[in-house]
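The values are calculated or read from the model by the stated rules, or taken from the named source; none is laboratory data. If you're wondering where the values come from, they're calculated on a predicted model, not measured in any experiment. Don't worry about glycine lacking a Cβ; one is built from the backbone with ideal geometry, like all the others, and counts go over all protein chains shown.
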Amino acid sequence: MTQDNSTNQKKIVVHVDTEIEDLVPGFLENRHNDVKTLQEALTKGDYETIRILGHSMKGSGGGYGFDAISEIGRSLEDAAKAKNTEETRRLIDELLHYLERVEVIYE
C-alpha cells in the first residue's frame, strides 16, 4: 500500500503528562495562530517577526512535550536570520503539516 503524502498522512503521536493536559489545547491553538502570523510575515519580508516566533517555539515546544515544534522553531529562527525565503516557507509548511497530524496521548 502506498501512502498519500497530502491529506492521509499518518498521525504523529505525542505522549504528554496529564499534569499539563489543560494547557496543551491552548498551546497547539497558539501554534496554529503562529502559522498564520508566520505566513503574513513572510509575505511582508518581516524576518524579525519570524525569528522571534521561531525562538519562542524553540524554547516552549519541548516543555510541553513537542520536541518537533522546538526543532522547527530553531530552524525557523536560523532561516530568518539568513533571510532564506525558500527555507522559511518550507518550515512554515512543515509546522502546519505537523499540527494537522499531531495526536496527543495523555499519560
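Residues of the stretch 79-107 being touching a residue at least 12 places away in the same chain (Cβ under 8 Å), part of a helix (DSSP H, G or I) and closer than 15 Å to Tyr47 by Cβ, which ones? If the condition is that a residue be touching a residue at least 12 places away in the same chain (Cβ under 8 Å), part of a helix (DSSP H, G or I) and closer than 15 Å to Tyr47 by Cβ, then Ala79, Ala80, Lys81, Thr85, Glu87, Thr88, Arg89, Leu91, Ile92 are the ones that fit. Candidates in the stretch 74-86 are the residues that are more than 14 Å from the chain's Cα centre (by Cα) and among the charged types (D, E, K, R); of these, the one that is surrounded by the most Cβ atoms within 10 Å (Cβ to Cβ) is Asp78. For the stretch 92-107, name all the residues that are touching a Ser or Thr at 6+ places or on another chain (Cβ under 9 Å) and closer than 15 Å to His32 by Cβ. Glu94, Glu100, listed by residue number.
Among the residues examined, Glu71 does not qualify as over 19 Å from Lys10 (Cα atoms), in contact (Cβ under 8 Å) with a residue 24 or more places away in the chain, among the acidic types (Asp, Glu) and buried (at least 16 other Cβ atoms within 10 Å of the Cβ).
Residue pairs whose Cβ atoms lie under 8 Å apart, separated by 6 or more positions or on different chains, with the first residue in the stretch 17-44 and free of Cβ contacts under 8 Å to residues at least 24 places away in the same chain and the second β-branched (Val, Ile, Thr), are Thr37/Thr49; Ala41/Thr49; Ala41/Ile50.
The residue of the stretch 34-48 that is nearest to His15 (Cα to Cα), among those that are of a type outside the set (A, V, I, L, M, F, W, C) and in contact with a Leu (Cβ under 8 Å, 6 or more places away or on another chain), is Asp34. Taken together, the residues in the stretch 52-63 that are surrounded by 20 or more Cβ atoms within 10 Å (Cβ to Cβ) and part of a helix (DSSP H, G or I) amount to 3.
Across the stretch 3-23, not a single residue is classified as at pLDDT 95 or above, surrounded by 15 or more Cβ atoms within 10 Å (Cβ to Cβ) and in a helix (DSSP H, G or I).
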